[in-house]
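The values are calculated or read from the model by the stated rules, or taken from the named source; none is laboratory data. Worth saying up front: this structure is predicted, and the values here are computed from it rather than measured. Backbone-built Cβ (ideal geometry, glycine too); neighbour counts: all protein chains shown. Only protein heavy atoms, including side chains, enter the accessible area calculation; ligands, DNA and RNA are left aside. Shrake-Rupley method; radii C 1.70, N 1.55, O 1.52, S 1.80 Å.
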Amino acid sequence: MRGLKEVILSITNRCNLHCRMCDIPLGSVGELPFEEWQKVIHDASRLGAQTVVFSGGEPLIRQDIFDLVKYAKNNNMNACITSNGTLLDEVKAVKLKECGVNVVNISIEGTKETHDSLRGAGSFDKAISALNYLRNNRIESTVASTVSRYNYTDLLFILEVAKDCGATTVRLQPFNLIFLQNDSRMNEFFINEDQARKLAEIISKFIDTAKEYKIATNPASYLSKISGYLNGKKLYPSSCGALWYSCPINPNGDVFPCWIEGANNNLVGNVARDGLYRLWLSEKRIKIVNSIIKRGCSGCLMSCYDEVFDGQLSKESVIKKAKKLSKITDYKKVMNKVYQFFNSQVTNLKLRYRYYISYRGSVWRLFKRRATGIFNKAARANEKSRPDKDKILSEIIKAKARINKEVRAL
């Protein structure tokens with residue numbers, strides 16, 4: 001079984017905006033208090049998670065967001081915040097710097113006119129200011145955009161915003177029906193065949209321009225599927241590792257196998273009653289996940305799961321290029337094409353590495369978390385066999401000593 005890598009905590013449904021493509025603020029559910037979220041974060045760390053993503057609603061509405069970030073950092077985890085940016089002023093940026101946040105995602109939907117039409121008058125200028133506050137305080141920022149019929153022609157403009165504001169990453173995600181309370185407005189956001197062809201061309205330019213600007217993005221294989229998805233095509237990855245490595249939790253503490261399956265009422269349990277540690281290891285969760293895998297993925301294109309599309313298309317790309325090379329008889333041309341291809345792959349790897357460490361941490365940090373994960377696994381095995389408590393404590397002390405000795409030796 002693959003281990004937990006991240007927890008996505010939707011800490012509130014409240015939001016200061018009511019965006020055209022999002023009905024989340026209309027959903028009235030309770031919110032766990034600070035102490036309960038502390039328990040969740042602590043359990044996530046025990047399970048080996050590397051990242052906590054704070055989302056909403058608008059997470060900056062909660063006054064304790066800075067303490068939650070600090071608590072995640074104290075538990076040796078990366079902390080990311082997804083925000084609309086309108087509440088992020090200079091004072092909050094300084095607080096975020098002080099509590100050690102790793103990345104803040106700011107939503108930009110396109111030009112000022114497009115953005116404000118989707119998120120409300122004045123929201124574009126505030127989001128741009130937020131990006132500048134983050135840059136001034138040396139906090140890494142990501143520009144995030146929900147792609148739909150309203151803004152698909154603005155994607156290259158969004159890259160320009162990221163470049164001008166010093167964002168290291170741009171993440172795109174197509175509109176999804178789970179953001180609406182019902183599907184009566186679904187046709188408002190999807191696109192027709194002609195628009196899909198135009199979007200595919202824009203995405204291709206988007207990928208090339210991002211490389212030129214040295215801005216990380218979702219995997220190209222994922223981006224290339226957005227036009228088809230918005231045109232109504234169902235896209236099924238061969239497998240979705242997110243069911244094993246990602247854990248979404250809503251404001252009142254309900255745990256789901258993924259956000260899409262949460263909408264299908266696949267409830268694993270509630271952390272306030274049972275705790276994340278027990279729920280993640282429970283037979284019920286494993287049974288739910290296996291049943292989803294057996295019947296097949298429902299075909300979402302949520303950006304939190306974009307990595308699952310990466311491997312398949314990468315292989316297809318290599319095969320396609322190899323076939324083209326086999327038709328070229330000039331040796332120098334072949335070698336030049338090979339050089340260009342590998343140079344492109346190195347550039348991609350550099351951008352992906354920068355994107356990855358923003359959310360998961362450095363190689364050194366990952367090594368320490370891996371060591372902790374091995375230790376926790378051994379501790380769980382000991383706990384299950386119920387040996388003498390003093391013996392368990394002795395083994396824990398010895399294991400910690402060995403890990404510390406190995407770390408010092410590096």
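Based on the Cβ-Cβ distance from Arg278 to Ser28, what FRET efficiency comes out when R0 is 41 Å, to the nearest 0.05? With R0 = 41 Å, the Cβ-Cβ based efficiency is 0.90. Diffusion of the stretch 190-260 by Stokes-Einstein, at 20 °C in a medium of 1.002 mPa s and with Rh set to the Kirkwood radius over alpha-carbon pairs, works out to 147 µm²/s. Ligands, DNA and RNA are left out, and with a 1.4 angstrom probe the accessible area of the stretch 141-196 is 39 Å² per residue. 3J(HN,Hα) along the stretch 26-41, derived from phi through the Karplus expression 6.51 cos²θ - 1.76 cosθ + 1.60 where θ = phi - 60°, amounts to 7, x, 8, 10, x, 10, 5, x, 3, 4, 5, 5, 4, 4, 4, 4 Hz, with x in place of Gly and Pro. Computed extension gain for Val91 through Asp67, at 0.36 nm per residue and net of the alpha carbon distance, reaches 7.1 nm. The distance separating the Cα centre of the stretch 75-94 from that of the stretch 268-304 comes to 28 Å. Here the calculated FRET efficiency for Asn132 and Lys233, from their Cβ-Cβ distance with R0 = 30 Å, stands at 0.20, rounded to the nearest 0.05. Once backbone amide H atoms are built at 1.01 Å from N, Asn78 has Thr51, Val52 as its partners under 5 Å, excluding neighbours fewer than 5 places away on the same chain.
Residue by residue, the stretch 149-162 carries 3J(HN,Hα) couplings of 4, 7, 9, 5, 7, 9, 5, 5, 5, 4, 4, 4, 4, 4 Hz when phi is fed to the Karplus relation 6.51 cos²θ - 1.76 cosθ + 1.60 (θ = phi - 60°); x denotes Gly or Pro. Across the stretch 46-55, rounded Karplus estimates of 3J(HN,Hα) from the backbone phi angles (6.51 cos²θ - 1.76 cosθ + 1.60, θ = phi - 60°) give 4, 7, x, 5, 9, 9, 10, 9, 9, 10 Hz, Gly and Pro being marked x. Taking amide H atoms as placed 1.01 Å from N in the peptide plane, the amide H of Gly253 lies under 5 Å from those of Leu32, each 5 or more residues away in sequence or on another chain.
Between the C-alpha center of the stretch 23-53 and that of the stretch 148-211 there is a gap of 29 Å.
Once backbone amide H atoms are built at 1.01 Å from N, Asn105 has Ile81, Thr82, Ser83, Thr142 as its partners under 5 Å, excluding neighbours fewer than 5 places away on the same chain.
If the segment from Lys294 to Glu201 were pulled out straight at 0.36 nm per residue, it would be longer than the present Cα-Cα gap by 29.9 nm.
Taking label points 7 Å from Cα along the Cα-to-Cβ direction, His18 and Lys287 give a separation of 4.1 nm. Each Lys and Arg adds +1 at its Cβ and each Asp and Glu adds -1 at its Cβ; summed about the Cα centre, the stretch 30-76 shows a dipole of about 240 debye.
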